[in-house]
1. Give me the pairs, please: first residue somewhere in the stretch 83-98 and in contact (Cβ under 8 Å) with a residue 60 or more places away in the chain, second residue anywhere and assigned to a helix (DSSP H, G or I), beta-carbon distance under 6 Å, and either six or more positions apart or on two chains.
2. Take ILE117 and tell me if it is of a type in the set (A, V, I, L, M), at pLDDT below 85 and part of a loop (DSSP other than H, G, I, E, B).
3. ALA22 versus (1) of a type outside the set (Val, Ile, Thr); (2) assigned to a helix (DSSP H, G or I); (3) surrounded by 10 or more Cβ atoms within 10 Å (Cβ to Cβ); (4) at pLDDT below 95: which is the lone unmet condition?
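The values are calculated or read from the model by the stated rules, or taken from the named source; none is laboratory data. Keep in mind that this is a model prediction, so the values were computed, not measured. With ideal geometry, Cβ positions are generated from the backbone for all residues, glycine too; neighbour counts draw on all protein chains shown.
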Amino acid sequence: MIAEPFTESHEQSMSVGQFIHAYKQAPWRVQRQWLGMFLLSVLGSAMIAALYLDVTAQAAIEGRAIQNMSAEMLAVQQANSDLESKLAELTSAHVMEQRAQALGYQRAEADQIEYVIVPGYSPPVPPILASSSTLKPSAPSIPPEYTQSLLEWLNQRLRAPSTKGYSQ
């Protein structure tokens with residue numbers, strides 16, 4: 001057997017072979033990698049599912065709280081309506097007259113009424129809401145500079161004699 005001289009190509013082929021041999025995956029390593037990737041995807045899916053479940057549960061809780069508040073609001077509105085109807089009944093003219101008679105009050109006749117004049121008192125003037133027929137529409141308060149169009153302005157500038165910088 002003749003020994004080959006040590007050459008660079010021989011060294012490269014050995015190093016490539018050693019490299020391939022050193023990093024060649026054993027079947028159990030490949031299986032372990034696939035198992036790890038599968039478990040990682042299962043764990044990721046479980047985390048996403050847990051997040052979805054948490055958000056859904058919070059939405060359901062808030063929805064239930066809104067339903068409870070709506071029911072409470074309806075009950076309060078109904079109680080308010082009941083109180084308003086009782087107040088309307090108690091302040092009706094017929095009931096007020098009966099209560100006044102029960103307390104000993106009686107209707108005053110015109111000759112029994114005495115008016116008291118209070119010096120310095122002026123009764124409040126009610127606001128007049130009806131429109132008067134004597135009112136005239138006011139003139140527009142917009143200055144003419146703002147009611148002129150660009151074309152009108154340009155036409156006015158072109159027709160007006162220019163006195164700037166020219167001497168005759």
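1. Pairs that qualify, where the first residue is in contact (Cβ under 8 Å) with a residue 60 or more places away in the chain and the partner is assigned to a helix (DSSP H, G or I): there are none.
2. On the way: of a type in the set (A, V, I, L, M): yes; at pLDDT below 85: no; part of a loop (DSSP other than H, G, I, E, B): yes.
In short, no.
3. Unmet condition: (3).
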